[in-house]
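Colleague: Got a structure for you, questions after.
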Amino acid sequence: MIYINKNLIFVILILTSCAHINYSDLYNYAKISVIGVEDIKIDDAFVNDSKSSFIKVKLGKTLVATLVLANVNNNIFEWVGSNGEKIITKNGRIIETNGLEHNMQLLNLSEAKLKLDGNKELLISLYEPSATISQIIKSYDLGIESLELDKTYVSDSYREDFTTSNYKWSGSNFYWVDKKTSLPIKTIASSHPYLDNLEIEFYYLFGRK
């Protein structure tokens, strides 16, 4: 049973008072707020039917989508969505986003590696609103972990704790790297202080048996 918050309905009605909205639309808005959007199940059949490598992206409870691999250059992977959204990754790290409500770009790409040799500093440009910030990263090796996606992967897992200079943005990012291919297979990371964490699963078609 779904319980719809009356205050939420009131706010939606106010925001849409100048436009037409029917009761089914209202229910859908409330449903997304309460239980989130419907997940996308990725299984072996889904992967085999795909024509390109892709990622599954979850943004809190508000977005679940797949983005296809459009380009690979110097270990930089560019993933593109159906509406032109882009998430660019290197070593599983989110280095740039476009088309989201709030976007970012990593300026010092040389620091995109998952290094465990002490602290490092990332320089990041934020958009909507605009700011350039410095982020201090401390990395931890979490050891070998079995990860269930479309199949079982044996992965190296890492955690990064980050703090941001002169900005209220801190937290932890998590990465899983397939031991067999050395490719990232899952990332949970904060890309922008105004967004929920992005959860990304990586599905590669090249070299797949």
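The values are calculated or read from the model by the stated rules, or taken from the named source; none is laboratory data. Computed from a predicted model, the values in this text were never measured in an experiment. Here Cβ is always computed from backbone atoms with ideal geometry, including for glycine, and neighbour counts include all displayed protein chains. The protein model used for the area step is the full one, side chains on, heavy atoms only, and it has no ligands, DNA or RNA in it. Shrake-Rupley method; radii C 1.70, N 1.55, O 1.52, S 1.80 Å.
Colleague: Within segment 118-209, what whole-number % of the accessible surface is contributed by carbon and sulfur, with the 1.4 Å probe and all protein chains included in the calculation? Write down the numbers at each step before the final one.
Modeller: Details: 2330 of 4680 Å².
Within segment 118-209, the accessible surface is 50 percent carbon and sulfur.
Colleague: Right, here's the next one. Could you please state, rounded to a whole Å, how far the C-alpha centre of segment 131-177 is from the C-alpha centre of segment 63-82?
Modeller: 20 Å
Colleague: Under a point-charge model restricted to the Cβ atoms of Lys and Arg (+1) and Asp and Glu (-1), what is the dipole moment magnitude of segment 41-168 relative to its Cα centre, in debye to the nearest 20?
Modeller: Values: 15 positive and 18 negative charges, 36 e Å.
About 180 debye.
Colleague: For segment 189-205, what does the Karplus curve 6.51 cos²θ - 1.76 cosθ + 1.60, with θ = phi - 60°, yield as ³J(HN,Hα) per residue in whole Hz, taken in order and with x for Gly and Pro?
Modeller: 8, 8, 9, 7, x, 9, 10, 5, 4, 8, 10, 10, 10, 9, 10, 9, 8
Colleague: Hey, which aspartates and glutamates would be in cross-link range of Lys41, C-alpha to C-alpha under 17 Å, not counting anything within fewer than 8 residues on its own chain?
Modeller: Asp49, Glu148, Asp150, Glu199, Glu201
Colleague: Now for a different question. Of Gly171, Ile136, Leu149, which is farthest on the positive side of the dipole of segment 134-209, counting Cα position, with +1 on Lys and Arg Cβ, -1 on Asp and Glu Cβ, and the Cα centre as origin?
Modeller: Leu149
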